[in-house]
1. I want to confirm something. Restricting to the range 144-189 and keeping residues that are under 22 Å from the mean Cα position of the chain (by Cα) and of a type in the set (D, E, K, R), which single residue is most open to solvent (accessible area, probe 1.4 Å)?
2. Would you mind listing the helices (runs of 4 or more DSSP H) fully within the range 277-376 where at least 2 residues are under 21 Å from Asp45 (Cα atoms)?
3. Only one residue in Gly253, Gly223 is under 18 Å from Gln39 (Cβ atoms), in contact with a strand residue (DSSP E or B) (Cβ under 7 Å, 6 or more places away or on another chain) and of a type in the set (Gly, Ala, Ser). Which one?
4. Only helices (runs of 4 or more DSSP H) wholly contained in the range 127-235 count here; list those with 1 or more residues that are closer than 25 Å to Thr246 by Cβ and among the polar types (S, T, N, Q).
5. Taking the range 314-329 on its own, how many of its residues are of a type in the set (D, E, K, R) and either without any contact (Cβ under 8 Å) to a residue 24 or more places away in the chain or buried (at least 24 other Cβ atoms within 10 Å of the Cβ) (or both)?
6. For the range 360-371: of the residues being farther than 18 Å from Asp148 by Cβ and surrounded by fewer than 19 Cβ atoms within 10 Å (Cβ to Cβ), which is farthest from the chain's Cα centre (by Cα)?
7. Name every residue in the range 240-273 that is among the aliphatic types (A, V, I, L, M), open to solvent by 50 Å² or more (accessible area, probe 1.4 Å) and out of contact with any Phe, Trp or Tyr (no Cβ under 7 Å at 6 or more places or on another chain), in order of residue number.
Amino acid sequence: MQMKLKVTVAAAIAAAAGVAMAQDMVVKIGHVAPISGAQAAYGKDNENGARMAIEDLNAAGVMIGGKKVKLELVAEDDAADPKQGAAVAQKLCDAKVAGVAGHLNSGTTIPASKIYNDCGIPHVTPSATNPNLTKPGYKTTWRLLANDNALGAGLAAHAADKLKLKRIAIIDDRTAYGQGVATVFKTVAKSKGIEIVDEQFTTDKSVDFMSILTAIKSKNPDGVFFGGMDPQAGPMLRQMEQLGMTNVKYFGGDGICTMDLIKQSAGAKTLENVVCAEGGASLDKMPGGAAWKKRYDTKYPGQFQVYSPYTYDAVHVLVDAMKRAGSADPKVYVSKLGETNYQGITTKVQFESNGELKNPAMTLYTYKDSKKIALN
């Protein structure tokens, strides 16, 4: 009888534990980036950052509104394509995710932002930098780094004030990102007395730039600005070397400012002419950057690019707002995002009323001996 009673009590305890586990609330957080196509290295890096955040939060234990929460990542691929980005955004709305870390590109984030606004789901982009993203005033849109106004202006100021360049040609890939950052660079460069000697256009699928570069070379520039991403910048640098443009400085925004550019340029001497900008502090100057990067490299060796620390923080910012609101319901916690005062690994995260990051840092980089080096 006593043995039977012990078994019954043990079974009851086990059943109660099972019920408690079953009652853990599951909160789904979406992540979107290009996991396929030429920009897949960026996308996978971002997804890795989001996965690290989910794993760290679950390991620490998350309580929202007095309930224990299990976070789940819903990862989607937009292939850096605006139409696919919109379709994926609608898919995440239909899946009723609580929030989204993403997208990577401005061209996919801008159309997706309207869809998230219409279905009421907050999204925090770790990397889309076109200023137009926040212009509609959606209360569901937030950005974790400096926009192209800061990046383009910073690069133009460096070209004029530090390098004393006088003649620059501009190329952009016709995407929302590429056009945006090139336009800002052009405006500020001209205001500082730099002559824009040529403007050329390409696409985010091109790899042959010989005709464009030959036309530019005939204008004898001392610098070239490229608004685009590293799958184009790498071949462009190789072809500039082939054309003997080895003394021409090469500028670009965060789209080219990756570790992958070293591989994409395949040993071209022109890599050392690159000056690129990122909207944020260098890893060594981030509050938790160096320690975080060490953990990242252990978990995902050789995969780091640029934005994964921001994706990591984006997930934490969403969950922080849920915790302060006591709810994972987007309609309830979205207002708390505007009150964010979160110490992330990238920076102290606080937002302006329009969803832009307060006091964003900007870092210029160059490449030396196949290493990416901060200039400021």
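The values are calculated or read from the model by the stated rules, or taken from the named source; none is laboratory data. This is a predicted model, so every value here is computed, not measured. Cβ atoms come from the backbone with ideal geometry, glycine included; neighbour counts cover every protein chain shown. We work out accessible area using only protein heavy atoms, side chains counted, and drop any ligands, DNA or RNA first. Shrake-Rupley method; radii C 1.70, N 1.55, O 1.52, S 1.80 Å.
1. Taking the candidates together, the pick is Arg174.
2. On the way: elements: 289-299, 308-325, 330-337.
The helices (runs of 4 or more DSSP H) meeting that bar are 289-299, 308-325.
3. Numbers: Gly223 fails: under 18 Å from Gln39 (Cβ atoms).
Only one candidate qualifies: Gly253.
4. 210-217
5. Of the residues in that region, 2 qualify.
6. The extreme case among them is Asp369.
7. Start the filter on the range 240-273 by keeping residues that are among the aliphatic types (A, V, I, L, M), which leaves 240, 243, 245, 248, 256, 259, 261-262, 266, 268, 271.
If we keep only those that are open to solvent by 50 Å² or more (accessible area, probe 1.4 Å) too, we end up with 259, 266.
Once the filter is applied, which keeps residues that are among the aliphatic types (A, V, I, L, M), open to solvent by 50 Å² or more (accessible area, probe 1.4 Å) and out of contact with any Phe, Trp or Tyr (no Cβ under 7 Å at 6 or more places or on another chain), the range 240-273 yields only Ala266.
Results for (1) without any contact (Cβ under 8 Å) to a residue 24 or more places away in the chain; (2) open to solvent by less than 10 Å² (accessible area, probe 1.4 Å), shown as yes or no for each residue.
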| position | (1), (2) |
| --- | --- |
| Val275 | no, yes |
| Gly280 | no, yes |
| Ser308 | no, yes |
| Tyr312 | no, no |
| Lys331 | no, no |
| Ile345 | no, no |
| Lys358 | yes, no |
